[in-house]
Every structure is written in C-alpha cells, then in structure tokens.
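In what follows, a single structure is set out as structure tokens and then discussed.
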Amino acid sequence: MNRWDHARQLLRIGRRAETGGDVPEEPFRATAERAQPGPRSVRCRSICIASGKGGTGKSSITAALADLLRLQGSALLLDADLGCANAHIFHDVRPEHSFADVVAGDRGVHEIVTPCAPGLDLLPGGSGVGRLAGLREYELEMIGRGLARIEPDYDFLLVDSAAGLSRQTVAFAAACDRTVLVTTPDVTAMTDAYAFLKVFVRQCAALGQRRELPLLVVNRATSENEAKEVSGRLSEVTRKFLDQRLEVLGWMPEDRAVFRCTQRRQSVVSGEPGSKIAQALERVSSDLLAQLQGFEGPGAGGRLEEMSTEPPRTRRA
Ligand SMILES: Nc1ncnc2c1ncn2[C@@H]1O[C@H](COP(=O)(O)OP(=O)(O)O)[C@@H](O)[C@H]1O
Ligand SMILES: [Mg+2]
C-alpha cells in the first residue's frame, strides 16, 4: 500500500478521478445556498500555511498542496493574505470578487467563490486594499460565519496566510485544525518562525482554544543536513522556552522550478511534477493527511466566528 492509499484509508476518503471525478455538476453557489447554517461538526479538514516572515514560500507551498489535495477530495483555498493576495496567480484565474466585497457588505462569502480547477475553489483575498490587513473583529466574525456556511461542502480547507503576527493572521491559524509553519534556513526567517509559535501559543490560550502546535516545514534548504540543523535549532528553542515539542513535517529543497512555474501561473506540482521539490511536496502532503486523522469539530469558520470578543451590540448581522 503506498503512502497516499494509506492516508486515504486512515481518513476514509474515496479516490477521485484525476479529471476531477465527482465535482458537482451544478454551480457551486447553489450548493452553498442549500447548506444549513451553523453545523457543529464538519468533515472538512482545515490547514493553515503560515510563517512569521514574508517570502518563505507559503503561497507556493499552499498552491502545490491545493493541487495535490484536490485529487483526494474537494478543496477550498482561502487567500488570507488579505489586501496583498496572490494565491489566484498559481491557478491562473482572475477573480472578479474578493473579501474586499465581503467586508464592504456587498457580497456574502459564498458569492466570492472562484472555481480554479476540477475539485478546487478559491476565496480570493483582494489586492491593493490596505484596510483588509487590519479587520475589525465583527468583520472577521462575518468572514467566519460565511466560511462556516460553505465549509461543509469541501473535504479540505487550505488557508494561505499573510506574514506577520497580527491578531487576524494568528486567528486564521488558530481557527484551523492544523497549521504548517514554514521557515527557510535564513536566520531571520527562523527567528520569526519562533516568534509566530510564541504568539500562536499565547493567542490560543487567551482565546480558550486548545490547538496543536504548528508542524514545521523547512523550505529552500540546500541539503537534508541543512534542513535538519534548522529544525533541530527551532525544536530546541521551542522545548526550552515554550516547553513544547515541535513536530517536523518535512523539508523542501531550493529549486528554480518554483520560480519557473510561478511565471507560468502554475503550482510546481502541476508544472513540473517530476522535480525534486514536487516529490518533496507529495511526501509532505500525504504525511499531512495522516496528521489530520481524527480531527473533527466546528470547522475553521465556526471557530473564527466564536473567537470574536466584541460585545454583541457592535456586531453586524
Ligand atoms: N523551494 C524554493 N526554491 C526556490 N525558490 C522558492 C522556493 N520556495 C519559494 N521560492 C520563491 O520564493 C519567493 C517567495 O515565495 P512565496 O510563495 O510568494 O512566499 P510567501 O507566500 O511566503 O510570501 C518566490 O519568488 C518563490 O518563487
Ligand atoms: Mg504569500
């Protein structure tokens, strides 16, 4: 039994045809409107790809994971780099609407769903809208409520996070079943990865959310030894200062294929599936699936909605 089959068996997910298999024939919006609000437990497993520092490879990795997971079940990609979104580029789509329209009150979350590929839809983050980077609590709650409405229609939710440690960035991570923390061997990226862990732990505790510590991925390593050194150092500080065990999900090599595929508006697993990095991503993806075994709960949207601490009278319906 190969790793994918094993992971599928663990998660009880059926195999989809490479061409998209059981993609609903009717437009997505119709399914979203049929969904009942406020499910308490969803089958959708949510994964946030985060890092303290920008430019570590979050969007490239998320795009590749989206292209791998859409073959295992339906996937929804949420571009949480609100205001500086670029997840759409990797799937060569030009979204008409984004979270900018949701926050403006012009559209619901289900109305910005943008089909990308068979089995993959996108919630676009919006570009050049600075205000989106600093949402009010009721706005985040509104996004959570809209997400909760459509999440049950998918097997996977992937959140492409913004860089930094803002409350909203960490809230998306804390809302997901698991977070993948991306670092590079660069010492500034490592420092920011540790800072993210620290804030993540603190914010989850403050919100009363019991979440597992993010899983580490070392990207752009020049060798396995270098990746091991990086993960070893981060694990040590996490054990020493946060008193927690940092689990390492895997590492990815520095590979020019990422740049070439991005230029062609493709993820590296679609554009150069035989490359070393595409193979590393396949390993990481199947290990991640195995990690998500047994996760069940209100879903990322439900958790995001619950996180709002704003008094009810200031909330918008
Ligand atoms: N493994 C890799 N090898 C080579 N270049 C990479 C790799 N991962 C990412 N990059 C490059 O790093 C830059 C930032 O990647 P991106 O995915 O946009 O990062 P982020 O979303 O974290 O800001 C891009 O130019 C991308 O091509
Ligand atoms: Mg990005």
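Values quoted throughout were computed directly from the atomic coordinates according to the rules given, and no laboratory measurement underlies them. In this text, all values refer to a predicted model and were calculated from it rather than measured experimentally. Quick reminder, even Gly has a Cβ in these numbers, built from the backbone with ideal geometry, and neighbours come from all protein chains shown.
Summary of computed values
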| quantity | calculated |
| --- | --- |
| Cα-projected label distance for residue 264 with residue 248, points at 7 Å along beta-carbon direction, nm | 3.2 |
| Hydrodynamic radius of the range 122-186 per Kirkwood, over alpha carbon pairs, in Å | 13.4 |
| Under-5 Å amide H pairs with residue 78, H placed in peptide plane, nonlocal only | 123, 158, 159, 160 |
| Nearest-0.05 FRET efficiency for residue 186 and residue 224, computed from C-beta distance (R0 25 Å) | 0.90 |
| Viscosity 0.692 mPa s, temperature 37 °C, Stokes-Einstein D of the range 161-209 from Kirkwood C-alpha radius, µm²/s | 295 |
| Cα-based reach from residue 240 at 18 Å (exclusive), listing aspartates and glutamates while leaving out same-chain residues under 8 positions away | 192, 212, 229 |
| For 241, 196, order by how many other beta-carbon atoms lie within 10 Å, fewest first | 241, 196 |
| Value of relative contact order over the range 193-304, rounded to a whole percent, pairs C-alpha under 8 Å and six or more apart | 21 |
| Percent of Cα-Cα distances greater than 26 Å, calculated over the range 42-314 | 36 |
| Value of relative contact order over the range 42-314, rounded to a whole percent, pairs C-alpha under 8 Å and six or more apart | 28 |
| Nearby lysines by direct alpha-carbon distance to residue 58 (threshold 26 angstrom, same-chain neighbours under 8 apart not counted) | 198, 228, 276 |
| Normalised per residue, the volume of the convex hull around the Cα set of the range 211-260 (Å³) | 76 |
| Percent of Cα-Cα distances greater than 14 Å, calculated over the range 46-116 | 62 |
